[in-house]
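Each remark here refers to the structure printed beneath this line.
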Amino acid sequence: MKSQSTDIDLRLLPLGATPKNGGCYFAVWAPNASSIILHIYTKDEKEITSIPLKEKRGGVWYGFISGVSVGDLYAYEALGEYSPEKGLFFKKDRYLVDPYAKALSKPFTYNMNKYLHDNANFIPKAIVVNNDFDWQGVEKPTFGRDSLIIYECNVKGLTAIHPDVPVNHRGKYLGVIHDSVIKHLKDLGITAVQFNPIAAFISEPHLVKKGLVNYWGYNPVCFMAPDPRYAVNPLDSLNEFRTMVRELHRNGIAVILDVVYNHTGEGGRGGPVLSMKGFDAPSYYTYNRNADGSLNCRSYRDVTGCGNSVNVDARPTLNLVLDSMKHWITENQIDGFRFDLGVTLCRETHGDSFHEYDHNSAFLKSTFCIESIASSLLIAEPWDCGPNGYRLGQFPAGWSEQNDKFRDTVRRFWRGDNGLIGQYATRLLGSRDIFTSSYRSINASVNFVTYHDGFTLEDLVSYSTKYNDLNGENNLDGTMENFSSNCGVEGPTDDKEVLARRDLLKRNMMASVIMGQGIPHILSGDELCKTQNGNNNAYCQDNEISWNNWNETKRSKNFKKFISRLNKLRRSSKMIRELTLAGDYYHVGSNSYEAHWFKPDGSAMDSGAWNDPNTDAITLTVGTTDNSFDTEHWCFIINQHYKEVEFILPPPPLGYKWIEVVDTSDETGAPSNGIESYVRKLDCPCIVAYSLAKEDQNSLEEDAIKVLKKAGKY
């Protein structure tokens, strides 16, 4: 192997490794390095040769190495001045991973001794790859946001102890696509899986000292490489990841990646030098300013709570983030992203405004200028930990956002907090106080009551406070504001009455998520009644606390049936998936709907009732505005407390009747045996849903579906 000159226009080369013409082109951004040494290895990490890259154009170093082919491994050594106070970390015998690495030879496993004294063996090697993968003609799902039902999971935790998955596939990409797991997802009615970060990550040094790891993966080093720890064969992690994506797509399930572009595992001052920091820390990271406005490279700007903040305001970093997204979309065929601490990516400095959120940031504008990105699903976590970091509702049209106001309102409403009827109604109808109808889709709101960071649904109804002692932080980590309820007993219990209350509370919250306007988000394991023993910050628990327990009980079987019933109803209804109210000009289509709110006695809600803190029962009707009753019309009655309420349903038009289709007071959501009159008594907190059907129809749920089919909505 040797370095050769080439006549190719270097400006046409992408950064990273590009195999071509009997060798491989290498390009890496390192504007302040005095030289870049490329180290080539065999598949078992035996070094073959080391070759300096001979040509530099601007800030990019280039080289063409003959004899290097797909599957070969490589690492860099960046030489130059070592001066952390200037943001320079060049150092002989320190090996670096290419920021544009597409695959790695092994996972990052933090070991201080190896990092300091055996760096060549400590650092994972990048793998030269190409895009030759057999997608077998399988195409991406083409449904829109209105058809999304998101299931958030961890690649390892999903199948780590799944009894049907072969042992060597458990906790791996290939385990996700085992027949039993696919069947489980389809039976639930899931249309998109959102994975916890799978970009190659490293555990924080303080966790390693405690014998813990970063189980969730929110500490990335390489933005483009799927983590080898989830592969059966680490050297083939890229193809195993692609196989997972292909088979999920084959079954009509989209793939969303949770991406962490806001910080990296290189941490702040004193953190390890693994990749970006060793090439160009002043571009890749944000630093605080000195009094004269110059960068203070000893003081990392930390708006993430993780030691550093990625500087997407810098051109090389913005390019890296966008190139990473394009790579996942085009070469790995994923369907969208959820952006962890999404506000950080939109922080820019302009004049006296230092590192502030900018709704016209280069990052946000770029997501609309690159076709592959613009056509993908983009979900923001619309906050970070920095000044003015809470930005719910302030991302552009075309984006969706995690709606924590939905989470908190639904939790508080169903645990029985008074005075929330107006807020709850607003959340059910798409949070139009946040996502205005003239500018944002009603599916801009991602509706959830549980996420990976927080209580599971089972723990939300079983614990009044958190129990995070095993995390080694004296139970000081994790939020105290959970709006949870133990339903009378703290923690595990065999009391049937308490368990019944817990199950009803879960059904009411889950029904709010699935039947509400917006994109429903379900946390993996909630359907299995998964508990984390009251730990609401289990990011470092890579064990049975976090893994899904597949030993089903009667309770979990019933809850699965309940979720499946609701998702089936949602998928069958255009109106429930996307309610286009009259006067909503974001989406103008063939059907528009009207929503009306009533008191239980059938009279219209007025300002007095809305503002009365004791109002705790309400009726909602929604239907088309053209008086064509063969199209969708729905009625929902909602009772918040354990007290008897008599509801008078709005009278249906002549020749039609209300058919009950869901009752959350039932263990599986099954409707009652019908109604003899349009009076319905409820004596517990629950939601009952009705669909309009013709008088000559007799069955309940089946007839509702027939109406929807006739309207072309099923």
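Summary of computed values
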item: Global geometry of the stretch 513-618, whether rounded, prolate or oblate, following the gyration tensor of its Cα atoms and the 1.5 cut on a/c; result: prolate
item: Extension reserve of the Ser437-Glu695 stretch, reckoned as 0.36 nm per residue once the Cα distance is removed; result: 89.3 nm
item: Cα gyration tensor shape for the stretch 161-205, rounded if a/c is under 1.5, else prolate or oblate; result: oblate
item: Sequence-separation-based contact order of the chain, relative, with Cα cut under 8 Å and 6+ spacing, percent; result: 10
item: Antiparallel DSSP beta bridges within the chain, as percent of all bridges there, nearest 5; result: 75
item: Centroid-to-centroid separation of the stretch 430-489 and the stretch 8-50 [C-alpha atoms, Å]; result: 46
item: J(HN,Hα) series, the stretch 195-209, from Karplus relation 6.51 cos²θ - 1.76 cosθ + 1.60, nearest Hz, glycine and proline x; result: 8, 3, x, 10, 5, 3, 10, 9, 7, 5, x, 5, 6, 4, 4
item: Backbone N within the stretch 534-576 under 20 Å of label point (7 Å from Lys183 Cα along the Cβ vector); result: 548-565, 568
item: Theoretical gain in end-to-end length, His117 to Gln136 [0.36 nm per residue, Cα-Cα removed]; result: 2.2 nm
item: Net charge dipole size for the stretch 258-350 [Lys, Arg +1 and Asp, Glu -1 on Cβ; Debye, nearest 20]; result: 300
item: Pairs of Cα atoms farther than 15 Å apart, the stretch 274-316, %; result: 40
item: Within the chain, helix-based [θ] at 222 nm, where runs of 4 or more DSSP H residues each add -39,500 (n - 2.57), nearest 500; result: -6500 deg cm²/dmol
item: Protection proxy ranking of 173-179, 154-160, 654-660 - average other beta-carbon atoms within 10 Å, highest first; result: 154-160, 173-179, 654-660
item: Entry for Cα extents along the principal axes in Å (calculated from the structure that is shown) out of (1) 88, 61, 51; (2) 86, 58, 52; (3) 72, 72, 59; result: (2)
item: Amide H contacts under 5 Å for Ser299, placed H, 5+ residues apart; result: Asn288
item: Per-residue SASA entry for Met575, accessible area with 1.4 Å probe, Å² rounded to 10; result: 10
item: Long-range HN-HN contacts of Val662 with modeled amide H, under 5 Å; result: Ala689
item: Positive dipole terminus of the chain, leading residue within Tyr95, Asn533, Gly623 (C-beta point charges); result: Tyr95
item: Additional length obtainable on full extension of the chain from Lys209 to Glu331, 0.36 nm per residue less Cα span; result: 40.2 nm
item: Per residue accessible area in Å² of the chain, where ligands, DNA and RNA are left out and the probe is 1.4 Å; result: 38
item: Backbone N under 18 Å from the Asp44 label point (7 Å along Cα→Cβ), restricted to the stretch 105-128; result: 105-106, 121-122, 125
item: Under-5 Å amide H pairs with Phe647, H placed in peptide plane, nonlocal only; result: Arg680, Lys681, Leu682
item: Top positive-direction residue, dipole computed over the chain with Cβ charges, set Thr330, Thr580, Leu104; result: Leu104
item: Karplus-derived 3J(HN,Hα), 6.51/-1.76/1.60, for each residue of the stretch 648-661, Hz, glycine and proline x; result: 9, 6, x, x, x, x, 4, x, 10, 8, 7, 10, 6, 10
item: Convex hull of the stretch 71-173 built on C-alpha atoms - directionally averaged projected area, nm²; result: 12.0
item: Label point distance in nm, Thr625-Asp469, each placed 7 Å from Cα along Cα→Cβ; result: 5.9
item: Rounded, prolate or oblate (a/c below 1.5 giving rounded, otherwise prolate when a/b exceeds b/c) for the stretch 462-535 by Cα gyration tensor; result: oblate
item: Ranked by how many other beta carbons lie within 10 Å on average, peptides 17-25, 77-85 from highest; result: 17-25, 77-85
item: Under the Karplus curve 6.51 cos²θ - 1.76 cosθ + 1.60, θ = phi - 60°, whole-Hz ³J(HN,Hα) for the stretch 121-129, x wherever Gly or Pro sits; result: 8, 5, 7, x, 9, 6, 10, 6, 10
item: Above-threshold pairs, the threshold being 18 Å between Cα atoms, out of Lys466/Lys530; Lys106/Lys326; Lys466/Lys496; Lys496/Lys557; result: Lys106/Lys326; Lys466/Lys496
item: The stretch 392-444: relative contact order in percent, alpha carbon pairs under 8 Å with at least 6 residues between; result: 44
item: Residues Trp610 and Cys369, FRET efficiency given R0 of 41 Å [Cβ-Cβ distance, rounded to 0.05]; result: 0.40
item: Semi-axis lengths, Å, the stretch 233-291, gyration tensor of Cα atoms, sqrt of 5 times eigenvalues; result: 36, 15, 8
item: Rounded accessible area of His359 (nearest 10 Å², 1.4 Å probe); result: 110
item: Relative contact order (%) - criterion: Cα under 8 Å, at least six apart; region: the stretch 332-454; result: 22
item: Ranked order, Trp61, Trp610 - accessible area, probe 1.4 Å, largest first; result: Trp610, Trp61
item: Cβ crowding within 10 Å averaged over residues, with 283-294, 558-569 ranked highest first; result: 558-569, 283-294
item: Lys, Arg +1 and Asp, Glu -1 on Cβ, resulting dipole of the chain about Cα centre, debye, nearest 20; result: 1220
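The values are calculated or read from the model by the stated rules, or taken from the named source; none is laboratory data. What you see is a predicted model; the values in this text were computed from it and never measured. Every residue, glycine as well, gets a Cβ built from its backbone with ideal geometry; the counts of neighbours run over all protein chains shown. Heavy atoms of the whole protein, side chains included, go into the accessibility calculation; ligands, DNA and RNA do not. Shrake-Rupley method; radii C 1.70, N 1.55, O 1.52, S 1.80 Å.
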